[in-house]
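Chemist: Sharing a structure, written as C-alpha cells. Questions coming.
Bear in mind these aren't lab numbers, they're just calculated from the coordinates by the rules spelled out. Just so we're clear, the structure is a prediction, and the values are computed from it rather than from any experiment. We place every Cβ from the backbone using ideal geometry, glycine too, and count neighbours over all the protein chains shown.
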C-alpha cells in the first residue's frame, strides 16, 4: 500500500496518529524501529542540521532533498513541513509536486508572510486569508495522488488574534484542505480552546503540553512531537561537555556503532555482497 493511502486511512480511523519529529533518515529509522506508524520531518530541525535558525533561510530544494532521504529510509508515512510553499500559488504547485516525487505522504503549508519564522518565535506576519485560500486550491490542483495529504497551517493567533484564526481555519477547510494546523499553541487553555472551537474540523497539534493519550481524547487527528529533537541537542551537548571535562563519555550514555549499523541494514548489505560476489565477507 502507498504511504499516502496508509496515512489517509490512519487519519480516518478515529485513532490519533502520533508522529515524532525527525531531523534525518537515521532518526526516522529509529522511530520506525520502536513502533511509530508515521514520522514528521521538521523544518526547524532540517534548518538546524544545516546551521540555521528556523526563519525561512532554507530553500525548497534543500527541504525536499532531506524529505527524499527520509521517505526512502522507512516504510511508514512521512509528513513534512513545506513552510509557506516557497512563494505564491504557482510556487505552491511546484512544491506539492516536488514533495510528492520525493515520496512523502503529506505536507503542511502555512499562511505566514515569506520569509517565515518558527511558529513559536516573535515577529511573525501572515498573508491575507484569501491569498492562503488560493494557495490551498493550488496545492490540491497540483497533487497527482488524491491520497496525498494537504494540511493548512494557520499562524494568525499571535498576529491577528483567535477569532481571525477560527475564520481562517474554516476558510481553509472550505477550500479543500484535508486538515488544519494552528501553530503556536502555548498553554493547555489554548489547546482546549483549539479543540472546542474547531471541534467539527480535522485538527493537527504540534507540542508537548499533554501526553499523547490526553491530546487524543480531545479529538485531534494528528499530533507531532517536537521535544524529540530538543532532546538530541541536550544529549549531544552534555556528552560533549563530559568529553571535554573528563576526557571520556560514559559508555552507558550511548549505543554502539554496531547498534546503528544493524538498524541501517548492514547485514543486508553483507548478504548482497556475497550474492553478487562483491567481497569475501564471511557469513557469520
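Chemist: Would you list 276, 254, 205 from fewest to most Cβ contacts within 10 Å?
Modeler: Placing the least packed residue first, the sequence is 276, 254, 205.
Chemist: Then there's this: How do 4, 95 rank when sorted from fewest to most other Cβ atoms within 10 Å of their own Cβ?
Modeler: Ranking 4, 95 by Cβ neighbours within 10 Å, fewest first, gives 4, 95.
Chemist: Which option, (i) 20.2, 68; (ii) 19.1, 56; (iii) 21.0, 69, is the value of Rg and Dmax of the Cα atoms in Å that was calculated from these coordinates?
Modeler: Recomputing Rg and Dmax of the Cα atoms in Å here picks out (i).
Chemist: Follow-up. Hey, fewest Cβ within 10 Å first, where do 1, 60, 179 land in order?
Modeler: 1, 60, 179
Chemist: Using the Cα atoms as the points, what is the convex hull volume per residue of region 49-124 in Å³?
Modeler: Normalising the Cα hull of region 49-124 by residue number yields 90 Å³.
Chemist: Nearest 10 degrees is fine. How inclined is helix 129-142 to the longest principal axis of the chain, computing both from alpha carbons?
Modeler: That helix lies at roughly 50 degrees to the long axis.
Chemist: Tell me, in nm to one decimal, what length is gained between residue 65 and residue 125 on full extension, where the rule is 0.36 nm per residue of separation less the Cα-Cα distance?
Modeler: 18.9 nm
Chemist: Using r as the Cβ-Cβ distance of residue 55 and residue 90, and R0 as 22 Å, what FRET efficiency do you calculate, to the nearest 0.05?
Modeler: 0.40
Chemist: Just need the relative contact order of the chain here, percent rounded to a whole number, with Cα pairs under 8 Å and 6+ apart.
Modeler: 17
Chemist: Kindly identify region 1-93 as rounded, prolate or oblate by the Cα gyration tensor criterion: order the square roots of the eigenvalues as a ≥ b ≥ c, call it rounded if a/c is under 1.5, otherwise compare a/b with b/c, prolate if a/b is larger, else oblate.
Modeler: Working: a/c = 2.08, a/b = 1.39, b/c = 1.49.
Since a/c reaches 1.5 but b/c is at least a/b, the shape of region 1-93 is classed as oblate.
Chemist: Using helices alone, what [θ] at 222 nm do you get for the chain, with -39,500 (n - 2.57) per DSSP H run of 4 or more residues, divided over all residues and rounded to the nearest 500? Intermediate results must be reported in sequence, preceding the final value.
Modeler: Numbers: 13 runs with 137 residues, N = 284.
Theoretical 222 nm ellipticity from helices: -14500 deg cm²/dmol.
Chemist: Could you calculate the FRET efficiency of residue 279 with residue 258 from 1/(1 + (r/R0)^6), where r is the beta carbon distance between them and R0 is 22 Å, rounded to 0.05? Show your work: numbers first, answer last.
Modeler: Values: r = 18 Å, r/R0 = 0.83.
Computed FRET efficiency for residue 279 and residue 258 comes out at 0.75.
Chemist: How many angstrom lie between the C-alpha centres of region 100-152 and region 212-284?
Modeler: 31
Chemist: Also: Expressed as an acute angle from 0 to 90° and rounded to the nearest 10, what is the orientation of the C-alpha long axis of helix 89-102 relative to the principal long axis of the chain?
Modeler: It is inclined by approximately 30 degrees.
Chemist: Just to confirm the number: angle between the C-alpha axis of helix 60-73 and the first principal axis of the chain, 0 to 90 degrees, nearest 10?
Modeler: 50
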